[in-house]
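A.B. asks: Handing you a structure now.
Nothing in this text is a laboratory measurement; each read-out follows from the coordinates by a stated rule. These numbers come from a predicted model, not from an experiment. When we count neighbours, we look across all protein chains shown, and the Cβ atoms used for this are built from the backbone with ideal geometry, even at glycine.
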Amino acid sequence: MRQRDSVIFLIDSESFDRNMLGLTLEKITKCKVFNFFSVEECLLYWKLKPKWVIYDAEVDCSLYSRLKDKVNLINIAKDIAKEDENHSLKDTTIAQAVAQRISQIMD
C-alpha cells in the first residue's frame, strides 16, 4: 500500500482513546500520525510540517487562531462525532467510522 506524505497531529482528549484513534487513522488514511497531550506540545514539533491537526472541542482553543491559516483543523466533536453523540469515541467501531470520515475530508 502506498503511504501518503501527509502528517497528522492528534491532540489528546478524554473523549477518545488517542492510541486507538491514532492507529486507526494511520491505517485508514495512510498518513503518519503523531499524538500530543496539548497544543503547546504539538507546537514544539511544528517542523514536522503537519497538514492536519485533529482535536476535540474540550481542548483549549486559544492557540488555534494562530494555526488555522497554516494547517487544516478538524474538530472531532463539532465536525465529525456529532452524528455519534450516543457513542463513545473509545469504541473501535466508532474510531473506524471517524477515521473514514476524516479520510473523506482529506481527499
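A.B. asks: Number of Lys-Lys pairs in the stretch 15-56 under 16 Å by Cα, sequence gap 8 or more or different chains? Before the final figure, lay out each step's value.
C.D. replies: Working: Lys30/Lys51; Lys32/Lys47; Lys32/Lys49; Lys32/Lys51.
So the count works out to 4.
A.B. asks: For an R0 of 30 angstrom, estimate the FRET efficiency from the Cβ-Cβ distance between Glu26 and Lys47 and round to the nearest 0.05.
C.D. replies: Working: r = 20 Å, r/R0 = 0.67.
The pair Glu26/Lys47 has a calculated efficiency of 0.90.
A.B. asks: For the stretch 15-60 and the stretch 93-107, what is the separation of their C-alpha centers, rounded to whole Å?
C.D. replies: 14 Å
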